[in-house]
Amino acid sequence: MLPAAKQKSLPCLLALLLVIGAVVLGSAAAWAAEPLEIRIGVISHKAPPPALYELDATPEDEAIAGAGLAIDDNNTTGRFSGQHYVLDQTILDKGQSPVDAAVKLADGGAKFVVVSLAADEVLAVADALKGRPVVVFNAAAQDDRLRGADCRANLFHIPPSRAMATDALVQYLAIKRWTKLFLTFGPTQADKLYADALRRSAKKFGLTLAAEKAWTFGPLARARSDSITQSDALVFSRGTDYDIMVVADEEADFGDYLAYHTWDPKIIAGTQGLIAASWHRAQDAWGSAQLQSRFFKRAKRTMRPIDYQAWVAVRAVGEAATRTKSADPAAISAYLVDPKFQLAAFKGVPVSFRSWDHQLRQPILIAQPMAIVSVSPQPGYLHQSNVLDTLGPDQPESQCHLP
């Protein structure tokens, strides 16, 4: 039997335990009933109808499908961390303003906006939302200037820049000792930018440009006729000593035509042939087959690079919100560039953001149309702090000077 003093204190102790239990259960019930809502917007353009037909037409839900899958993934974790993610999507018709769409999403409560837009549109959106508690994620534009002179503090970049892509490709060519390059480039501004990036990468890694020629034979890769072979195109590369032809054709007008049409039996690389990309339908290493299959089940098609990039953007928000236990854009933006931030992105190593230009540092796949050939950075390329920073401009070379 307990002493009398202890018997008197026992009811008080039980009452205290009941009060504590009620408070804990009440808090848990309130937490479960009212999860923290995090709204994420996504903006993309409506895919234009092809003139005749496309062998690989752009899906209507490109980017949006990837963002949607990431919302599902975030909510799987959010059920345990007291967060609920909502996706607000906008597909722009021709002539619609991306800025108006972004402002409308922000007014509707979206604190994070993922954009699959051209470079000038990305900047316009970032500038329109400057000063508001909104973080913008670029999911498509590869222009180096967005990470350089035109960088913005409220803007993060998921796709590899052109410089990162060409560095990844040229590293592989250097490893293979294919050191003499024949560069051919198309007429568009994007083609010229990619060609410039190839030139810089060749110089950076010690490769030689044996020849450069502009493509002047039109969009033969898009030709839909009984005879698309042109003899002048067949002799385009005759008389040049080179190891590999590198092509800058971002519109896919002629790059796919070059394979098997060169004078000598040479490999094609660059925007067609052997490519450098953030994602590829043949990627199945490091658990990525699971991501590929979940995306295919949801979207009824294979995952494209822009889908993957939108997925990474939304997952980055989810990871940062879970770690910071906050939906505050300022807190999440700060955590994204914290050395502690890491995201498992099915690339073999965690990915993270560069603090100086807000670019996602990541391994880049080197792939041919139906298979992964390699992954860059290549073995042997070293860096004083992070080997992924061998791809693209390093901090001392950057023209971006964020606070």
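Where a number appears in this text, it was derived from the coordinates with a stated rule and is not lab data. Nothing here was measured: the structure is a model prediction, and the numbers come from that model. Every residue, glycine as well, gets a Cβ built from its backbone with ideal geometry; the counts of neighbours run over all protein chains shown.
For the pairs Lys176/Lys340; Lys46/Lys130; Lys180/Lys297, note any where the Cα-Cα span goes beyond 32 Å. Violating the 32 Å limit, Cα to Cα: Lys176/Lys340; Lys180/Lys297. The angle between the Cα long axis of helix 64-81 and the longest principal axis of the Cα atoms of the chain comes to about 20 degrees, rounded to the nearest 10. Computing FRET efficiency as 1/(1 + (r/R0)^6) for Ala153 and Ala223, where r is the C-beta to C-beta distance and R0 is 45 Å, gives about 0.45. Using R0 = 30 Å, the C-beta based FRET efficiency linking Asp338 and Lys297 works out to 0.30. Of the trypsin sites (Lys or Arg not before Pro) in segment 87-121, the ones in a loop by DSSP (not H, G, I, E or B) with at most 14 other beta carbons within 10 Å are Lys94.
Measuring spread by the Cα atoms of segment 163-277 yields a radius of gyration and Dmax of 13.3, 43 Å.
Between 0 and 90 degrees, the angle of helix 288-299 with respect to the longest Cα principal axis of the chain falls at about 90 degrees. Summarising the strand pairing of the chain, around 20 percent of its internal DSSP beta bridges are antiparallel. The slack between Leu55 and Arg79, meaning 0.36 nm per residue of separation minus the straight C-alpha distance, is 4.5 nm. Pairwise Cα distances in the chain exceed 33 Å for 39 percent of all pairs. Please list log₁₀ I(q)/I(0) at q = 0.13, 0.15, 0.18, 0.20 Å⁻¹ for segment 48-143, using the Debye equation with identical point scatterers on the alpha-carbon positions. The Debye formula, applied to the Cα set alone, gives -0.54, -0.69, -0.94, -1.09. With neighbour counts taken as other beta-carbon atoms within 10 Å, the residues Ser333, Ser97 rank, fewest first, as Ser97, Ser333. Panel order for Met370, Met164, Met303, by other beta carbons found within 10 Å of each beta carbon, from fewest to most: Met370, Met303, Met164. Spin-label model, Gln384/Ala330: points 7 Å from Cα along the beta carbon direction are separated by 3.3 nm. For the pair Glu212 and Met370, the difference between a 0.36 nm per residue extended length and the Cα-Cα distance amounts to 54.1 nm. Only Lys, Arg, Asp and Glu carry charge here, each on its Cβ (+1 for the first two, -1 for the last two); on that basis segment 163-277 has a dipole of about 440 debye about its Cα centre. Neighbour counts of other Cβ atoms within 10 Å put Trp215, Trp311, Trp263, Trp286 in the fewest-to-most order Trp263, Trp286, Trp215, Trp311.
Dipole magnitude for the chain: about 1360 debye, using +1 per Lys or Arg Cβ and -1 per Asp or Glu Cβ, origin at the Cα centre.
Extension gain for Lys176-Ser97 works out to 23.8 nm (0.36 nm per residue, less the C-alpha to C-alpha distance).
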